[in-house]
Structures are given as structure tokens and as C-alpha cells.
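What follows is one structure encoded as C-alpha cells, with my remarks underneath.
The values are calculated or read from the model by the stated rules, or taken from the named source; none is laboratory data. The structure presented is a predicted model; accordingly, all values stated were derived computationally and were not measured. Heads up, the Cβs are rebuilt from the backbone with ideal geometry, glycines too, and the neighbour counts pull from every protein chain shown. Just so you know, the surface numbers come from the protein's heavy atoms only, side chains and all, with ligands and any DNA or RNA stripped out. Shrake-Rupley method; radii C 1.70, N 1.55, O 1.52, S 1.80 Å.
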Amino acid sequence: MTSIITRHALLRCFVRTRRLISEHWTPKPLCSDRSYATEEVKSPKIYTKTGDKGFSSTFTGERRPKEDHIFEALGNTDELSSAIGLAREFCLDKGHTFTDQLDKIQCILQDVGSNIATPRSSAREIHRKRTKFSPQPITDLETWIDHFTEELPPLTNFILPSGGKSSAALHLARTVCRRAERSVAPIVRSGEADPDVAKFLNRLSDYLFTVARYAAMKEAKEEKIYRRPE
């Protein structure tokens, strides 16, 4: 995580620096019949090779095995964001109005990852302040859930992931969210991550379930109801 954050910071610095150079400096020809271009600056490489031996860094600078529970949780959170991104594309195709909420959720999941990647046992105060997780997103999710629930018919049966591509994709994201929550729970219990991170993931799975049903209703798609096999 540290290497990712560092690369992003360097990239932003590089872009700003190059923009300032292009805006405020123009190479002057030394002779009337020739000019000299500025030397091209190469973009930083996406790979760092620092994880080739099976270890990676937390935001606090710790080197841990890649199978460490911290990186397991980070991977699940990243997969969750990808699943929501896929669902969002289906929802955009159908013109659903809640896609801006999915955008916001993906951004918040980046903050979730930052908090997980900052184990409290090795974090300095500056790390804690930069990665502190706000409880406001939990309140937002509850508000959205209540809004959609008011428009949905009462849930009287167990339903299966179904209801069209948008709904099914949101259900898939919901199941990934549950896995992410399970992997974050022991980290929170050990005091290494903010409790509000676990609460957010718990509420997010409820949101994804609700909005999946809402998408099916808006698209007039039938939700499959569980029936005991005969």
C-alpha cells in the first residue's frame, strides 16, 4: 500500500511539475536555423518489484507476508469495489438514478482500504489522522436504504439473486461485501482498524441487497423466489 500511495504522489507531483514547465518556460533557439526540445521525462513504471519475494508494505511501512490478514482484507475490499464497478455499468445502461451513490461508495472503499492498511499497533499519530474513517458514510447508507425500502413491496419470501443483469450484478457485489466484512472483522476486534469500517461494510451489504431489489422493480424484472425442491 505504501508503494502504491508513493507512486500516486510522485505521479501527481510529476504532472503538476510538467504542467508548470509547459506553461511558464519555452525553449529559445540558440541559432536562427535550429531549436532544441526539452528532454522528455518518462512516467514512473507501474511495477516496483518490491513484492517479488512475497512480502508487501502497509501504510505504516511494515513489511508483511502477502497472505497476512491485512492484505487478505485489502484484496477483498478491492474485489468489492470492482464488483460494484461492474454492477454500475449495467445500471448505467438501464438509466438508474442511483449510480452516483455507487460512485461515492467506490471512493469510500478507498478510504476503507487506507484504514485497513494502517495497523494501529505500528501507526504513528500522523498515520492515524490521515486514515481515520468517518462514520458519516454509514449514516448515508442508512438514509439511502430507508428511501428505497419505502418504494419497494414488502419482502415476504426468500429471493434468489436474479431480477435482470443490474440486479444480479448488485447481488454479486453484496456477496463479495459479506466476504470483505468477514475478513475485516478480526482486524477490528484486535484493535488494528477502526470499528466504523466494519459497520460500513455491514451496512453496505444491506444497501446492495436493497438497491438490487429496487433495480429489478424499476426494470420490471421478476425476482426468483426460493421454493423447496420437491
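Brief remarks follow.
- Where a residue in the range 32-61 is at positive phi and its partner, wherever it lies, is among the polar types (S, T, N, Q) and modelled with pLDDT of 75 or more, with Cβ under 9 Å and at least six apart: Gly61/Ser122
- Pick from the range 80-107, criterion open to solvent by 80 Å² or more (accessible area, probe 1.4 Å) and of a type outside the set (A, V, I, L, M), ranking: nearest to the chain's Cα centre (by Cα): Cys107
- Given (1) open to solvent by less than 60 Å² (accessible area, probe 1.4 Å); (2) in contact (Cβ under 8 Å) with a residue 60 or more places away in the chain, index of the condition Ser205 fails: (2)
- Screening Glu192 against (1) assigned to a loop (DSSP other than H, G, I, E, B); (2) touching a residue at least 12 places away in the same chain (Cβ under 8 Å); (3) surrounded by fewer than 20 Cβ atoms within 10 Å (Cβ to Cβ) leaves a single unmet condition, (3).
- Number of positions in the range 125-159 that are touching a Lys or Arg at 6+ places or on another chain (Cβ under 8 Å) and assigned to a loop (DSSP other than H, G, I, E, B): 3
- Filter pass, Phe71 being assigned to a helix (DSSP H, G or I) and surrounded by 14 or more Cβ atoms within 10 Å (Cβ to Cβ): yes
- The residues listed here are Ser205, Ser122, Ser162; of these, the one that is over 18 Å from the mean Cα position of the chain (by Cα) and either more than 28 Å from Phe71 (Cβ to Cβ) or in a helix (DSSP H, G or I) (or both) is Ser162.
- Residue in the range 76-104 that is modelled with the highest pLDDT, counting only those that are of a type in the set (Ser, Thr, Tyr) and within 20 Å of Ala216 (Cα to Cα): Thr99
- Residue within the range 193-209 that is in contact with a helix residue (DSSP H, G or I) (Cβ under 6 Å, 6 or more places away or on another chain) and more than 30 Å from Phe59 (Cα to Cα) present: yes
- Test: Ala73 is under 22 Å from Ala123 (Cα atoms), at pLDDT 95 or above and touching a helix residue (DSSP H, G or I) at 6+ places or on another chain (Cβ under 7 Å): yes
- Within the range 178-189, the presence of at least one residue that is in contact with a Pro (Cβ under 7 Å, 6 or more places away or on another chain) and within 24 Å of Lys129 (Cα to Cα) is confirmed.
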